[in-house]
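The values are calculated or read from the model by the stated rules, or taken from the named source; none is laboratory data. Since the structure is predicted, the reported quantities are computational estimates derived from the model, not experimental observations. Note that each Cβ is placed from the backbone with ideal geometry, even for glycine, and that neighbours are counted across all protein chains shown. Calculation scope for accessible area: heavy atoms of the full protein, side chains included, ligands and nucleic acids excluded. Shrake-Rupley method; radii C 1.70, N 1.55, O 1.52, S 1.80 Å.
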Amino acid sequence: MTREMPPESSDPDAGGLSRRDLLRASLGAGAGLAAVPLLGTAPAFAQAKRHSVRDAGKLVIGAFEDGAIDVFKKVLPLFKQQTGISVQLLTAPYDSFNSKAFQDGQSKAGQYDIYIMDDPWIPQFAAAGILEDLGGHGIKGDAGFAKPFLDLGYWPPRSGPRIKGFESKKPALVALPTIGDLQTMTYRNDVYKHAPKTWQELVTVGSAAMKAGKIDNAIVFRGVKGNPIVTSWYPIFLSYGGKFFDNNWKVTFNSAQGKAAAEFFVGKLKSLAPKGVAEYDSDQEGAAILGGKAGAIIQYTGNAIKSDDPKQSKEVGKLDFGVVPKQVKALAQIGIFIHGVSASAPNKDNAITFMKWFATDKAQLALAMAGDVPVRTAPLKNPKAVKAHRLLPTVLAQINAGAEARPRTPDWGAVESILGTELNKALVAGKGGGDALDRAASQSTAYLKRQGYYS
């Protein structure tokens, strides 16, 4: 599941929404998902009640177009069979659906009962009060969910800085994880005998393989300014112990840890990547790893599972998965689909019924068998699901190693655009990562001050 976003605005004040990267890419990512064998799908659906269920009305779910949503659609007949509730799934392109859904919630038009969102949308939607408090309907975030995924459904966030107006409010559960996703490593098993455990191991083994002519490049990543380069740098930054903000929204990504991560990224890592990597986006990095040119890549699920598709990969059998390398930690970026009930939903009771049903292990197992990443731990471990979707153990291992979402503010997209522009300049130069962070920190601080984050 890899989402590709349209280019970011160069004007930080033009908008504060984070543009999703990798996961949810054009429907090419859907092709990768569709390629996953649906082993066990029929048995899972056969568990549905055989007798006729009385018509119980309808439910309208809105979502943005994506290959993972195409897979999600396959489990909806099971809900109809078990509850009698008919589901209408309405989709639109990413930016278009964001606008439509937000306007629907603000105007209380009632076009949708449930919104399936990109997780960075939660601060925007929840702060505007257009998501139903699920706790009032007896829905709780139980321990069966992968905790890093579940945490994204609370507003205000249970930890970290909070935007103004929500500093002292008690967190409420306003959304539940829909489809899991996060970064993991894909690597050539004939270059690396196992997933490199540290960045230094990746450099040492990868450099030797390049010198021996085994591989053109030890690693490939996206270097285009804005969201792409920040997404590539994100797990390196986290692994060095970097933090983007303190609890008062003071910019801290230009700390000593952040600067060390940036210097490593624009210097040593660039030297092991393809020439012109500063202009690489998903198509180019995908071609490098699937075409046998690169030895490793950090990527989201939708691209990772293309490794086993002979229609897309020349390296079937040579690509394996592992957690991201560490410096002091092995942390990856999270990017999940997440769904909430519209506060103005016309079929709210049916929406609540779906929220409860889809949060069960059985529904999530059906999702996993269809080819998506479940958000609950038991389905991630299920032997049949793992046989159908061999990336699942690595997803679980990365969750356990550590995974973090992007900062919970509607203005993250603007900060990311600033940061990504300065990082790209340093990557082109092959040096100056620390200075790039200082410039980005100064610009980001000025932007956040204009938005009222500081008195």
Counting just the residues of the stretch 39-78 that are in a strand (DSSP E or B) and either at pLDDT below 95 or small (Gly, Ala, Ser) (or both), which one comes out farthest from Phe354 (Cα to Cα)?
Ala63
Any residue that is touching a strand residue (DSSP E or B) at 6+ places or on another chain (Cβ under 8 Å), free of Cβ contacts under 8 Å to residues at least 24 places away in the same chain and assigned to a loop (DSSP other than H, G, I, E, B) - is there at least one of those in the stretch 169-179?
yes
Just to verify a result, which residue in the stretch 399-417, among those that are farther than 21 Å from Arg162 by Cα and part of a helix (DSSP H, G or I), is least open to solvent (accessible area, probe 1.4 Å)?
Ile399
Looking at the stretch 82-129, which of its residues are surrounded by fewer than 17 Cβ atoms within 10 Å (Cβ to Cβ) and aliphatic (A, V, I, L, M)?
Leu89, Leu90, Ala92, Ala109, Ala128
How many residues are closer than 24 Å to Gly135 by Cβ, in contact (Cβ under 8 Å) with a residue 24 or more places away in the chain and either open to solvent by 10 Å² or more (accessible area, probe 1.4 Å) or assigned to a loop (DSSP other than H, G, I, E, B) (or both) when one looks only at the stretch 352-398?
12
Right, Val341: assigned to a strand (DSSP E or B) and under 22 Å from the mean Cα position of the chain (by Cα) or not?
yes
What helices (runs of 4 or more DSSP H) completely inside the stretch 216-307 contain at least 3 residues that are touching an Asp or Glu at 6+ places or on another chain (Cβ under 6 Å)?
227-239
For the stretch 257-281, which residues satisfy the criterion of being charged (D, E, K, R) and crowded, with 23+ Cβ neighbours inside 10 Å?
Lys270
For the stretch 422-431, does any single residue satisfy the condition of being over 20 Å from the mean Cα position of the chain (by Cα), of a type outside the set (S, T, N, Q), over 17 Å from Asp181 (Cβ atoms) and assigned to a loop (DSSP other than H, G, I, E, B)?
yes
Number of the condition not met by Lys311 [criteria: (1) in contact with a Gly (Cβ under 9 Å, 6 or more places away or on another chain); (2) over 30 Å from Leu152 (Cβ atoms)]
(1)
I'd like the full set of residues that are open to solvent by 20 Å² or more (accessible area, probe 1.4 Å) and among the polar types (S, T, N, Q), limited to the stretch 313-340.
Gln327
Restricting the stretch 97-121 to residues that are among the polar types (S, T, N, Q) and more than 25 Å from Phe149 (Cα to Cα), the one farthest from the chain's Cα centre (by Cα) turns out to be Ser107
Flagged in the stretch 282-312 as over 15 Å from Ile219 (Cβ atoms), surrounded by 22 or more Cβ atoms within 10 Å (Cβ to Cβ) and free of Cβ contacts under 8 Å to residues at least 40 places away in the same chain, in numbering order, are none
Of all residues in the stretch 423-446, which are surrounded by fewer than 19 Cβ atoms within 10 Å (Cβ to Cβ), hydroxyl-bearing (Ser, Thr, Tyr) and either over 13 Å from Thr252 (Cα atoms) or in contact (Cβ under 8 Å) with a residue 60 or more places away in the chain (or both)?
Thr445
Identity of the residue in the stretch 54-81, surrounded by fewer than 16 Cβ atoms within 10 Å (Cβ to Cβ) and closer than 19 Å to Asp113 by Cβ, that ends up nearest to the chain's Cα centre (by Cα)
Lys73
Matching residues, the stretch 313-351, being over 17 Å from Leu176 (Cβ atoms), polar (S, T, N, Q) and touching a residue at least 24 places away in the same chain (Cβ under 8 Å):
Gln327, Gln333, Ser344, Asn347
Give me the pairs: first residue in the stretch 261-273 and touching a residue at least 24 places away in the same chain (Cβ under 8 Å), second residue open to solvent by 10 Å² or more (accessible area, probe 1.4 Å) and hydroxyl-bearing (Ser, Thr, Tyr), beta-carbon distance under 6 Å, and six or more apart or on different chains, which are they?
Ala261/Tyr240
